[in-house]
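Step one of this worksheet: look at the structure below.
The values are calculated or read from the model by the stated rules, or taken from the named source; none is laboratory data. Keep in mind it's a predicted model, so treat the numbers as computed, not measured. Counting neighbours? That spans all protein chains shown, and the Cβs are built from the backbone with ideal geometry, glycine included. All accessible areas refer to the heavy atoms of the entire protein, side chains included, with ligands and DNA or RNA removed. Shrake-Rupley method; radii C 1.70, N 1.55, O 1.52, S 1.80 Å.
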Amino acid sequence: MDIKLHDLYFKPYLSAKEIDDAVQKMVDDISEDLGDEMPVFVGILNGSFMLVSDFVKKYPKPCEVTFIKLASYKGVKSTEDIQRLIGITQDLTDRTVVILEDIIDSGNTLGEVHRIFKNENVKQLLIATLFYKPESYDKDFKLHYVGKEIPNKFIVGYGLDYDQLGRDLPDVYQLKTTQHMTNIVLFGPPGAGKGTQAEFLKEKYDLVHISTGDVFRYNIKNETALGMLAKSYMDKGELVPDQVTIDMLNKEVEKNADAKGFIFDGFPRTNAQAEALDKLMVSKDSQINAMVALEVDDEVLVGRLLKRGETSGRADDADESIIRNRIKEYYDKTAILKDYYSAQDKYHGVDGVGSIEDITERLSTVIDKL
Ligand code: AMP
(Lines give C-alpha, C1' and ligand atoms only; values in the text may rest on other atoms or scores of the structure.)
Protein backbone atom coordinates (compact mmCIF):
# COMPACT_ATOMS: atom_id res chain seq x y z
CA MET A 1 0.00 0.00 0.00
CA ASP A 2 1.23 3.44 -0.91
CA ILE A 3 1.43 6.02 1.86
CA LYS A 4 1.19 9.79 1.85
CA LEU A 5 3.46 11.97 4.04
CA HIS A 6 2.77 15.69 3.89
CA ASP A 7 2.26 16.31 0.16
CA LEU A 8 4.11 13.30 -1.24
CA TYR A 9 3.28 9.68 -2.05
CA PHE A 10 5.62 6.79 -1.26
CA LYS A 11 5.50 3.12 -2.28
CA PRO A 12 6.65 0.09 -0.28
CA TYR A 13 10.34 -0.61 -0.86
CA LEU A 14 11.82 -2.84 1.87
CA SER A 15 9.83 -4.96 4.30
CA ALA A 16 10.64 -5.16 8.00
CA LYS A 17 12.01 -8.65 7.30
CA GLU A 18 14.39 -7.43 4.59
CA ILE A 19 15.60 -4.66 6.88
CA ASP A 20 16.09 -7.15 9.69
CA ASP A 21 18.24 -9.31 7.40
CA ALA A 22 20.43 -6.32 6.52
CA VAL A 23 20.85 -5.43 10.22
CA GLN A 24 21.74 -9.04 11.01
CA LYS A 25 24.37 -9.00 8.26
CA MET A 26 25.97 -5.91 9.82
CA VAL A 27 25.92 -7.52 13.26
CA ASP A 28 27.53 -10.72 11.92
CA ASP A 29 30.26 -8.87 10.01
CA ILE A 30 31.14 -6.54 12.87
CA SER A 31 31.03 -9.09 15.68
CA GLU A 32 33.21 -11.44 13.67
CA ASP A 33 35.82 -8.73 13.07
CA LEU A 34 35.84 -7.41 16.65
CA GLY A 35 35.85 -10.73 18.47
CA ASP A 36 36.15 -10.15 22.21
CA GLU A 37 36.96 -6.47 21.99
CA MET A 38 34.22 -4.40 23.63
CA PRO A 39 33.14 -1.71 21.15
CA VAL A 40 31.38 1.56 21.74
CA PHE A 41 28.54 1.89 19.26
CA VAL A 42 27.73 5.48 18.45
CA GLY A 43 24.37 6.17 16.83
CA ILE A 44 23.83 9.35 14.88
CA LEU A 45 20.50 10.92 15.89
CA ASN A 46 17.77 11.19 14.97
CA GLY A 47 17.63 8.76 12.09
CA SER A 48 19.61 5.87 13.59
CA PHE A 49 17.56 5.30 16.75
CA MET A 50 15.67 2.31 15.35
CA LEU A 51 18.75 0.74 13.80
CA VAL A 52 20.82 1.12 16.98
CA SER A 53 18.09 -0.42 19.10
CA ASP A 54 17.69 -3.46 16.82
CA PHE A 55 21.43 -3.73 16.27
CA VAL A 56 22.52 -3.89 19.90
CA LYS A 57 19.74 -6.35 20.74
CA LYS A 58 21.22 -8.69 18.14
CA TYR A 59 24.86 -8.03 19.04
CA PRO A 60 26.16 -11.27 20.57
CA LYS A 61 28.80 -9.80 22.93
CA PRO A 62 28.81 -7.05 25.59
CA CYS A 63 29.00 -3.55 24.16
CA GLU A 64 28.46 0.09 25.04
CA VAL A 65 26.01 2.41 23.30
CA THR A 66 25.88 6.16 23.02
CA PHE A 67 24.60 8.78 20.61
CA ILE A 68 25.66 12.01 19.02
CA LYS A 69 23.21 14.38 17.44
CA LEU A 70 23.95 16.29 14.29
CA ALA A 71 21.61 18.35 12.22
CA SER A 72 21.94 19.95 8.84
CA TYR A 73 20.21 23.24 8.26
CA LYS A 74 17.46 22.91 5.74
CA GLY A 75 16.12 25.61 3.49
CA VAL A 76 18.23 28.39 4.94
CA LYS A 77 21.73 27.21 4.13
CA SER A 78 23.34 24.44 2.17
CA THR A 79 22.98 21.04 3.75
CA GLU A 80 26.80 20.84 3.79
CA ASP A 81 26.56 22.88 6.96
CA ILE A 82 26.30 20.34 9.72
CA GLN A 83 25.50 21.57 13.18
CA ARG A 84 26.62 19.60 16.23
CA LEU A 85 23.83 19.48 18.80
CA ILE A 86 25.06 16.76 21.15
CA GLY A 87 28.70 15.71 20.92
CA ILE A 88 30.79 13.11 22.69
CA THR A 89 30.04 12.98 26.41
CA GLN A 90 32.43 10.25 27.56
CA ASP A 91 36.13 9.42 27.36
CA LEU A 92 36.81 7.25 24.33
CA THR A 93 40.59 7.07 24.58
CA ASP A 94 41.91 3.77 23.12
CA ARG A 95 38.41 2.48 22.44
CA THR A 96 37.13 0.89 19.26
CA VAL A 97 34.31 3.14 18.13
CA VAL A 98 31.74 1.97 15.58
CA ILE A 99 29.54 4.65 14.10
CA LEU A 100 26.05 3.37 13.34
CA GLU A 101 24.40 5.40 10.60
CA ASP A 102 20.96 4.75 9.17
CA ILE A 103 21.90 5.99 5.72
CA ILE A 104 24.88 7.45 3.88
CA ASP A 105 24.16 9.25 0.66
CA SER A 106 26.33 12.27 -0.12
CA GLY A 107 28.49 11.57 2.94
CA ASN A 108 28.31 15.13 4.32
CA THR A 109 27.62 13.92 7.84
CA LEU A 110 30.72 11.73 7.77
CA GLY A 111 32.97 14.76 7.43
CA GLU A 112 31.66 16.13 10.70
CA VAL A 113 31.89 12.73 12.38
CA HIS A 114 35.57 12.52 11.48
CA ARG A 115 36.14 16.07 12.80
CA ILE A 116 34.47 15.14 16.10
CA PHE A 117 36.66 12.09 16.61
CA LYS A 118 39.94 13.60 15.44
CA ASN A 119 40.98 14.63 18.97
CA GLU A 120 39.38 11.77 20.90
CA ASN A 121 42.44 9.45 20.63
CA VAL A 122 40.30 6.44 19.84
CA LYS A 123 41.97 3.14 18.95
CA GLN A 124 40.00 2.89 15.73
CA LEU A 125 36.99 4.55 14.18
CA LEU A 126 34.82 2.25 12.09
CA ILE A 127 31.90 3.42 9.99
CA ALA A 128 28.85 1.19 9.61
CA THR A 129 25.73 2.16 7.73
CA LEU A 130 22.48 0.29 7.20
CA PHE A 131 21.79 1.88 3.80
CA TYR A 132 24.31 3.21 1.35
CA LYS A 133 23.69 5.07 -1.91
CA PRO A 134 26.82 4.53 -4.01
CA GLU A 135 25.51 6.76 -6.83
CA SER A 136 25.39 9.82 -4.64
CA TYR A 137 28.41 9.25 -2.36
CA ASP A 138 31.22 11.61 -3.36
CA LYS A 139 33.58 11.56 -0.35
CA ASP A 140 36.76 9.58 0.35
CA PHE A 141 35.96 8.34 3.86
CA LYS A 142 36.08 4.58 4.04
CA LEU A 143 32.82 2.79 4.80
CA HIS A 144 33.72 -0.33 6.76
CA TYR A 145 30.31 -2.00 6.94
CA VAL A 146 27.26 -1.64 4.71
CA GLY A 147 23.93 -3.36 5.40
CA LYS A 148 22.45 -2.77 1.96
CA GLU A 149 23.27 -0.73 -1.10
CA ILE A 150 20.29 1.11 -2.48
CA PRO A 151 19.57 3.24 -5.56
CA ASN A 152 19.67 7.01 -5.38
CA LYS A 153 15.99 7.47 -4.51
CA PHE A 154 14.51 9.24 -1.52
CA ILE A 155 13.35 6.81 1.18
CA VAL A 156 11.48 7.04 4.49
CA GLY A 157 10.69 4.70 7.37
CA TYR A 158 12.74 2.79 9.95
CA GLY A 159 14.04 6.02 11.46
CA LEU A 160 14.24 7.98 8.19
CA ASP A 161 11.92 10.90 7.76
CA TYR A 162 10.44 13.24 5.22
CA ASP A 163 10.15 16.51 7.10
CA GLN A 164 9.87 14.65 10.45
CA LEU A 165 7.19 12.19 9.29
CA GLY A 166 7.74 8.49 8.63
CA ARG A 167 10.41 7.70 11.24
CA ASP A 168 8.03 5.39 13.10
CA LEU A 169 7.33 3.08 10.14
CA PRO A 170 8.73 -0.46 10.51
CA ASP A 171 9.09 -0.79 6.70
CA VAL A 172 10.99 1.43 4.28
CA TYR A 173 9.15 3.31 1.53
CA GLN A 174 10.46 4.94 -1.63
CA LEU A 175 9.32 8.23 -3.11
CA LYS A 176 7.12 7.63 -6.12
CA THR A 177 8.69 9.01 -9.29
CA THR A 178 5.29 10.06 -10.53
CA GLN A 179 2.99 11.47 -7.92
CA HIS A 180 -0.67 10.59 -7.61
CA MET A 181 -2.34 10.27 -11.03
CA THR A 182 -5.86 9.46 -12.16
CA ASN A 183 -5.82 7.37 -15.31
CA ILE A 184 -9.00 6.44 -17.09
CA VAL A 185 -9.62 4.24 -20.08
CA LEU A 186 -12.63 5.61 -21.92
CA PHE A 187 -14.11 2.62 -23.66
CA GLY A 188 -16.80 1.75 -26.13
CA PRO A 189 -17.37 0.89 -29.79
CA PRO A 190 -16.72 3.38 -32.61
CA GLY A 191 -19.33 6.12 -32.45
CA ALA A 192 -20.08 5.64 -28.76
CA GLY A 193 -19.06 9.23 -28.06
CA LYS A 194 -15.67 8.72 -26.46
CA GLY A 195 -14.02 11.69 -28.17
CA THR A 196 -16.90 14.04 -27.39
CA GLN A 197 -17.00 13.05 -23.74
CA ALA A 198 -13.22 13.12 -23.36
CA GLU A 199 -13.24 16.80 -24.32
CA PHE A 200 -15.47 17.59 -21.32
CA LEU A 201 -13.80 15.24 -18.88
CA LYS A 202 -10.26 16.44 -19.57
CA GLU A 203 -11.28 19.99 -18.61
CA LYS A 204 -13.27 18.93 -15.60
CA TYR A 205 -10.56 16.70 -14.11
CA ASP A 206 -7.46 18.40 -15.52
CA LEU A 207 -6.32 15.29 -17.37
CA VAL A 208 -4.43 14.85 -20.61
CA HIS A 209 -6.57 13.30 -23.35
CA ILE A 210 -4.81 10.86 -25.66
CA SER A 211 -6.83 9.57 -28.59
CA THR A 212 -4.79 7.09 -30.63
CA GLY A 213 -7.15 7.62 -33.57
CA ASP A 214 -6.48 11.38 -33.44
CA VAL A 215 -2.73 10.82 -33.26
CA PHE A 216 -2.88 8.52 -36.28
CA ARG A 217 -4.99 11.06 -38.22
CA TYR A 218 -2.52 13.82 -37.30
CA ASN A 219 0.30 11.67 -38.69
CA ILE A 220 -1.64 10.92 -41.86
CA LYS A 221 -2.30 14.62 -42.39
CA ASN A 222 1.40 15.37 -41.96
CA GLU A 223 2.34 12.43 -44.17
CA THR A 224 4.74 10.89 -41.67
CA ALA A 225 5.98 7.33 -42.06
CA LEU A 226 3.77 6.33 -39.15
CA GLY A 227 0.82 8.01 -40.85
CA MET A 228 1.40 6.20 -44.12
CA LEU A 229 1.62 2.88 -42.35
CA ALA A 230 -1.51 3.48 -40.26
CA LYS A 231 -3.56 4.73 -43.19
CA SER A 232 -3.54 1.40 -44.98
CA TYR A 233 -5.25 -0.23 -42.00
CA MET A 234 -7.52 2.61 -41.00
CA ASP A 235 -9.01 3.02 -44.47
CA LYS A 236 -10.28 -0.55 -44.29
CA GLY A 237 -11.56 -0.15 -40.75
CA GLU A 238 -8.94 -2.54 -39.39
CA LEU A 239 -6.74 -2.11 -36.37
CA VAL A 240 -3.21 -0.81 -36.78
CA PRO A 241 -0.69 -3.48 -35.57
CA ASP A 242 -0.16 -3.58 -31.82
CA GLN A 243 3.53 -2.77 -31.63
CA VAL A 244 3.17 0.31 -33.82
CA THR A 245 0.28 1.56 -31.71
CA ILE A 246 1.94 0.74 -28.39
CA ASP A 247 5.18 2.52 -29.29
CA MET A 248 3.22 5.57 -30.36
CA LEU A 249 1.14 5.59 -27.18
CA ASN A 250 4.26 5.30 -25.00
CA LYS A 251 5.72 8.34 -26.72
CA GLU A 252 2.53 10.35 -26.22
CA VAL A 253 2.58 9.57 -22.51
CA GLU A 254 6.28 10.48 -22.24
CA LYS A 255 5.55 13.83 -23.84
CA ASN A 256 3.32 14.67 -20.88
CA ALA A 257 5.58 13.86 -17.96
CA ASP A 258 3.84 16.37 -15.66
CA ALA A 259 0.29 15.19 -16.31
CA LYS A 260 -2.02 14.70 -13.35
CA GLY A 261 -3.40 11.75 -15.24
CA PHE A 262 -4.66 10.59 -18.61
CA ILE A 263 -7.86 9.81 -20.43
CA PHE A 264 -7.06 7.06 -22.89
CA ASP A 265 -9.52 7.12 -25.77
CA GLY A 266 -9.36 4.37 -28.37
CA PHE A 267 -6.60 2.63 -26.45
CA PRO A 268 -6.19 -0.15 -25.43
CA ARG A 269 -8.03 -2.06 -28.15
CA THR A 270 -6.43 -5.51 -27.69
CA ASN A 271 -5.18 -7.62 -24.81
CA ALA A 272 -1.57 -6.96 -25.83
CA GLN A 273 -2.24 -3.21 -25.69
CA ALA A 274 -3.89 -3.49 -22.28
CA GLU A 275 -0.89 -5.39 -20.95
CA ALA A 276 1.51 -2.84 -22.44
CA LEU A 277 -0.49 -0.05 -20.83
CA ASP A 278 -0.30 -1.72 -17.43
CA LYS A 279 3.46 -2.03 -17.83
CA LEU A 280 3.77 1.61 -18.80
CA MET A 281 1.74 2.65 -15.75
CA VAL A 282 3.90 0.55 -13.44
CA SER A 283 7.00 2.23 -14.86
CA LYS A 284 5.41 5.52 -13.78
CA ASP A 285 4.62 4.14 -10.30
CA SER A 286 1.00 4.49 -11.33
CA GLN A 287 -1.97 2.45 -12.55
CA ILE A 288 -5.18 2.51 -14.54
CA ASN A 289 -7.87 3.48 -12.07
CA ALA A 290 -10.88 2.58 -14.17
CA MET A 291 -12.26 1.59 -17.52
CA VAL A 292 -15.40 3.62 -18.10
CA ALA A 293 -17.41 2.21 -20.97
CA LEU A 294 -20.08 3.93 -23.03
CA GLU A 295 -22.69 1.34 -23.94
CA VAL A 296 -24.57 1.98 -27.19
CA ASP A 297 -26.54 -0.33 -29.55
CA ASP A 298 -24.93 -1.23 -32.87
CA GLU A 299 -27.65 0.25 -35.05
CA VAL A 300 -27.45 3.55 -33.16
CA LEU A 301 -23.68 3.51 -33.75
CA VAL A 302 -24.00 2.98 -37.49
CA GLY A 303 -26.51 5.83 -37.69
CA ARG A 304 -24.29 8.17 -35.69
CA LEU A 305 -21.16 7.39 -37.71
CA LEU A 306 -22.91 7.82 -41.07
CA LYS A 307 -24.18 11.17 -39.85
CA ARG A 308 -20.70 12.16 -38.62
CA GLY A 309 -19.32 11.08 -42.01
CA GLU A 310 -21.32 13.86 -43.67
CA THR A 311 -19.01 16.41 -42.01
CA SER A 312 -15.98 14.67 -40.45
CA GLY A 313 -14.12 14.11 -43.69
CA ARG A 314 -13.03 10.75 -42.32
CA ALA A 315 -12.80 8.07 -44.99
CA ASP A 316 -13.69 5.43 -42.43
CA ASP A 317 -16.97 7.23 -41.58
CA ALA A 318 -18.14 7.54 -45.20
CA ASP A 319 -18.94 3.97 -46.07
CA GLU A 320 -21.39 1.76 -44.21
CA SER A 321 -19.43 -1.43 -44.88
CA ILE A 322 -16.25 0.10 -43.40
CA ILE A 323 -18.23 1.31 -40.39
CA ARG A 324 -19.62 -2.19 -39.90
CA ASN A 325 -16.10 -3.59 -40.17
CA ARG A 326 -14.90 -1.23 -37.42
CA ILE A 327 -17.72 -2.38 -35.18
CA LYS A 328 -16.89 -6.00 -36.01
CA GLU A 329 -13.20 -5.36 -35.15
CA TYR A 330 -14.43 -3.97 -31.85
CA TYR A 331 -16.41 -7.11 -30.99
CA ASP A 332 -13.71 -9.47 -32.29
CA LYS A 333 -10.68 -7.90 -30.64
CA THR A 334 -11.60 -5.12 -28.25
CA ALA A 335 -14.79 -6.08 -26.39
CA ILE A 336 -12.85 -8.78 -24.47
CA LEU A 337 -11.09 -5.99 -22.58
CA LYS A 338 -14.24 -5.68 -20.53
CA ASP A 339 -13.18 -8.98 -18.95
CA TYR A 340 -9.61 -7.77 -18.53
CA TYR A 341 -10.67 -4.79 -16.44
CA SER A 342 -13.63 -6.52 -14.74
CA ALA A 343 -11.18 -9.10 -13.40
CA GLN A 344 -9.39 -6.20 -11.67
CA ASP A 345 -12.70 -4.74 -10.50
CA LYS A 346 -12.17 -1.66 -12.67
CA TYR A 347 -14.97 -1.90 -15.24
CA HIS A 348 -17.78 0.64 -15.09
CA GLY A 349 -20.50 0.56 -17.74
CA VAL A 350 -22.42 3.75 -18.49
CA ASP A 351 -25.47 4.15 -20.73
CA GLY A 352 -24.18 6.04 -23.76
CA VAL A 353 -27.55 7.05 -25.19
CA GLY A 354 -29.00 10.44 -24.25
CA SER A 355 -27.94 14.08 -24.36
CA ILE A 356 -24.24 14.91 -24.24
CA GLU A 357 -24.69 16.66 -20.87
CA ASP A 358 -26.57 13.72 -19.35
CA ILE A 359 -23.85 11.32 -20.42
CA THR A 360 -21.09 13.59 -19.07
CA GLU A 361 -23.01 13.60 -15.79
CA ARG A 362 -23.19 9.80 -15.74
CA LEU A 363 -19.46 9.51 -16.41
CA SER A 364 -18.62 12.08 -13.74
CA THR A 365 -20.60 10.14 -11.15
CA VAL A 366 -18.34 7.16 -11.78
CA ILE A 367 -15.10 9.16 -11.87
CA ASP A 368 -15.90 11.13 -8.71
CA LYS A 369 -16.10 7.86 -6.79
CA LEU A 370 -12.60 6.69 -7.84
P1 AMP B 1 -10.85 5.96 -33.67
O2 AMP B 1 -10.60 7.39 -33.98
O3 AMP B 1 -10.55 5.61 -32.24
O4 AMP B 1 -12.19 5.48 -34.12
O5 AMP B 1 -9.76 5.14 -34.51
C6 AMP B 1 -9.74 5.16 -35.94
C7 AMP B 1 -8.84 4.08 -36.47
O8 AMP B 1 -7.52 4.27 -36.01
C9 AMP B 1 -9.21 2.67 -36.04
O10 AMP B 1 -10.23 2.11 -36.84
C11 AMP B 1 -7.88 1.96 -36.23
O12 AMP B 1 -7.61 1.69 -37.57
C13 AMP B 1 -6.88 3.01 -35.74
N14 AMP B 1 -6.65 2.91 -34.30
C15 AMP B 1 -6.95 3.83 -33.35
N16 AMP B 1 -6.58 3.41 -32.13
C17 AMP B 1 -6.06 2.17 -32.30
C18 AMP B 1 -5.54 1.19 -31.44
N19 AMP B 1 -5.48 1.40 -30.10
N20 AMP B 1 -5.07 0.04 -31.96
C21 AMP B 1 -5.11 -0.18 -33.28
N22 AMP B 1 -5.60 0.68 -34.16
C23 AMP B 1 -6.09 1.86 -33.70
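Here are the numbers for the structure shown:
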{"item": "Solvent-accessible area, 1.4 Å probe, carbon plus sulfur percent, for region 3-175", "result": "47 percent"}
{"item": "Among beta bridges that DSSP assigns inside the chain, antiparallel share in %, nearest 5", "result": "25 percent"}
{"item": "Probe 1.4 Å - accessible area at Val282, Å² to nearest ten", "result": "100 Å²"}
{"item": "For the chain: accessible area per residue (Å², 1.4 Å)", "result": "50 Å²"}
{"item": "Ellipsoid semi-axes in whole angstrom, largest first, where each is sqrt(5λ) of the Cα gyration tensor of region 184-369", "result": "23, 21, 16"}
{"item": "Euclidean distance of C-alpha centroids, region 250-295 and region 14-73, integer Å", "result": "45 Å"}
{"item": "Percent RCO, i.e. relative contact order, over region 127-262, from Cα pairs under 8 Å lying at least 6 residues apart", "result": "17 percent"}
{"item": "For region 298-370 and region 110-179, distance of Cα centres in Å", "result": "54 Å"}
{"item": "Pair Met1, Leu45: separation of 7 Å Cα→Cβ label points (nm)", "result": "3.2 nm"}
{"item": "Region 153-258: GluC sites (Glu not before Pro) in DSSP loop, at most 10 other beta carbons within 10 Å", "result": "Glu223"}
{"item": "Accessible surface, 1.4 Å probe, highest first, among residues Phe49, Phe41", "result": "Phe49, Phe41"}
{"item": "Trypsin sites (Lys or Arg not before Pro) within region 114-202: DSSP coil, no more than 15 neighbouring Cβ in 10 Å", "result": "Lys118, Lys123, Lys139, Lys142, Lys153"}
{"item": "Accessible surface of region 270-318 [probe 1.4 Å, protein heavy atoms]: carbon and sulfur percent", "result": "50 percent"}
{"item": "Sequence-separation-based contact order of the chain, relative, with Cα cut under 8 Å and 6+ spacing, percent", "result": "15 percent"}
{"item": "Where trypsin sites (Lys or Arg not before Pro) fall in DSSP loop in region 290-370, at most 12 other Cβ within 10 Å", "result": "Lys369"}
{"item": "In Å, descending, principal axis extents of the Cα set of the chain", "result": "93, 40, 40"}
{"item": "The chain - mean residue ellipticity at 222 nm from DSSP helices (-39,500 (n - 2.57) per run, n ≥ 4, rounded to 500)", "result": "-12000 deg cm²/dmol"}
{"item": "Translational diffusion of region 3-175, µm² s⁻¹ [Kirkwood Rh, Cα pairs; Stokes-Einstein; 4 °C; 1.567 mPa s]", "result": "78 µm²/s"}
